[in-house]
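Worksheet: the structure to be examined is printed underneath.
Throughout, read-outs are computed from the coordinates displayed, never taken from laboratory work. These numbers were taken from a predicted model, which means no experiment stands behind them. As a convention, Cβ positions derive from the backbone with ideal geometry for all residues, glycine included, and neighbour counts pool all protein chains shown.
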Amino acid sequence: MTGNLAAFARGAKVIHIELDASEVGKNVPVAVGLVGDARGILRELLEALEARHCDAWRAEIATFVRPRFESFKGELSAEGILGAVEDASHGRCTVVSDVGQHQMWVAKLFRYQRPNTHITSGGLGTMGFAVPAAMGVVMARPGEPVWAISGDGGFQMNMQEIATMVQERIPVKMAIFNNGYLGMVRQWQQFFHGRRYSSTPIWSPDYVRLAEAYGIPGWRVERGDQVEAALRGALDHDGPALIEFLIEQEANVFPMIPPGASLSEPIESEAVTA
Amino acid sequence: MREQLTGSQILCRALLEEGVDVLFGYPGGAIMPFYHALPEYPELRHVLVRHEQAAAHAADGYARASGRPGVCVATSGPGATNLVTGIATAHMDNTPLVAITGQVPRAMIGRDAFQETDIIGITQPITKHNRLVEDVEELAEAVHEVFTVAREGRPGPVLLDVPKDVQNQKLEYAGGANGSARGATGRREGLIGRPTPTALVEAARLIARAERPLIMAGHGVILSDAYDELRTLAEHTACRACMARYTSTAPFNRPTSSSVSGSGSTTG
């Protein structure tokens, strides 16, 4: 949650609900540790509590709302693409994201309708996770669209699994957010390393022809007006399909927390470093 | 008369007793007896990946989406080490993952045999439990043990290392004698702790008096299938709920839920 434990919620009284007793208070001191199953504990708390309002707190939270400054210079915004994915799937799909900027866009911007419909490597942060993990999700949720959303870096780590999808008839729908960079590291280089883009520009093959080589349909989307048709085509195809989105090369994810900083010190726009 | 089965056949049967219907894997020398037996059990669908890392991630994805243990299979040495990133991924996110690896024959262990590696040692810090099967007599029990460990309490990955000669050993097998045969999610309530009554009272008191109540909901809500309870409590107590990390625990547009906090932006 934070890069600076000492500055984390200093005035808070923390109630920690936790299955594993050894985790209670491991990182943040707690006022009360409740060890057990979250569902059962939430039910017991509900029984013990009167309904209440917190209008002042609600009003205070409303003042925290700020406009986002994510700079999508082209027509293709992550928000637009993810909204179109949700619309095209009528809200019934599972999104498996890889690791990097697109992962944070998926976490923040995808309009989840059901729990446990975003599957990602949140702890270890394993690039290359999305494409193979999506195959497993398809096996567990047959008949539901499953999207593997990757960047151009993570996709190239396990793109050999397209062959598995073809041989085993596993209809993963693959979306690549291609910005020609290892974007998350590039963003850090922009803000904390004086724009020294050391080893972050990354070449990609022609993904449409790659799809063709595996015998699956592929689309390259460069403009906003191409998004819907490509998504429709991928979903209508009875099998794996691939869409490459050529997104703004130097788009950033905001807010970002600098390394070692607390949640109250976010960088919220490009202007901060200008 | 009881049937004489090979270790590989017993392994397949034990997997079926655990409710397994799909395996993600890649064959190789030390796991060949298992792959020899596999076609006799068509209820076990095998998905042939192109790299063992993908087998581990696919089994992880299957487990996260279904709530049941995902199973991956690899041979010894490089097959086993290629699973490591996937096992570590499952370990960090508490996914019930069962990895089955072939191992060189028992007499060859420790002799730098072809494709030998100490996968038990390598995966010790990234598994909840791992086990080298030393004799066919213990194989079925070992399978049921690792599945039980993987899914019960705080879930996590386990690894079962099966030497090639154990896969070929024969045994009269009654079937299911030691089987947990629970199949489904099956977390045993008894193994999960319960909060003390005084702690619950104190927690309720803190929530009732809080001026700025905030819930930070994490992956545990998914593991314990507590979405409805979370939403109800947030609405009831006017707590604002926000989702930690990448947890899709609540529908996006609810007034009681807000954005993702922390995200990966703290750690990149």
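List of remarks:
- Among the chymotrypsin sites (Phe, Trp or Tyr not before Pro) in the range B:60-155, those placed in a DSSP loop whose Cβ has at most 14 other Cβ atoms within 10 Å are B:PHE114.
- Order of B:MET32, A:MET184, A:MET104 - criterion: other Cβ atoms within 10 Å of each residue's Cβ, fewest first: B:MET32, A:MET104, A:MET184
- Cα Rg, Dmax (largest Cα-Cα span) when computed across the range A:1-143, Å: 19.3, 52
- By the count of other C-beta atoms within 10 Å, a proxy for reagent exposure, B:THR123, B:THR6, B:THR232, B:THR95 are ordered fewest to most as B:THR232, B:THR6, B:THR123, B:THR95.
- Cut-off under 5 Å, modelled amide H: who pairs with B:LEU132 long-range: B:ASP161
- Loop-located trypsin sites (Lys or Arg not before Pro) across the range A:177-274 with a Cβ neighbour count of 14 or fewer within 10 Å are A:ARG195, A:ARG196, A:ARG223, with loop assigned by DSSP.
- Over chain A, the reciprocal of the mean inverse Cα-Cα separation, the Kirkwood hydrodynamic radius, stands at 20.9 Å.
- Pairs over the 29 Å Cα-Cα cut-off, from the set A:LYS173/B:LYS164; A:LYS108/B:LYS128; A:LYS26/A:LYS173; B:LYS128/B:LYS164; A:LYS173/B:LYS128: A:LYS173/B:LYS164; A:LYS108/B:LYS128; A:LYS26/A:LYS173; A:LYS173/B:LYS128.
- Expressed as a whole percent, the proportion of Cα-Cα pairs in the range B:54-101 lying more than 15 Å apart is 32%.
- Compactness index (Cα Rg / 2.2 N^0.38 Å), the protein assembly as shown: 1.01
- The phi torsions of the range B:92-100, fed into the Karplus equation with coefficients 6.51, -1.76 and 1.60 and a -60° offset, translate into couplings of 5, 9, 6, 9, x, 10, 10, 9, 10 Hz, rounded to whole numbers, with Gly and Pro shown as x.
- Taking Cβ atoms as reference points and 9 Å as the exclusive limit, the residues near A:ALA88 contribute a net charge of -2, counting Lys and Arg as +1 and Asp and Glu as -1.
- Per DSSP, loop chymotrypsin sites (Phe, Trp or Tyr not before Pro) in the range A:200-274 with at most 16 further Cβ within 10 Å: A:TRP203
- Projecting label points 7 angstrom from Cα along Cα→Cβ for B:ALA174 and A:ARG169 puts them 4.1 nm apart.
- Whether the range B:3-186 is rounded, prolate or oblate, judged on the alpha carbon gyration tensor where a/c under 1.5 counts as rounded: rounded
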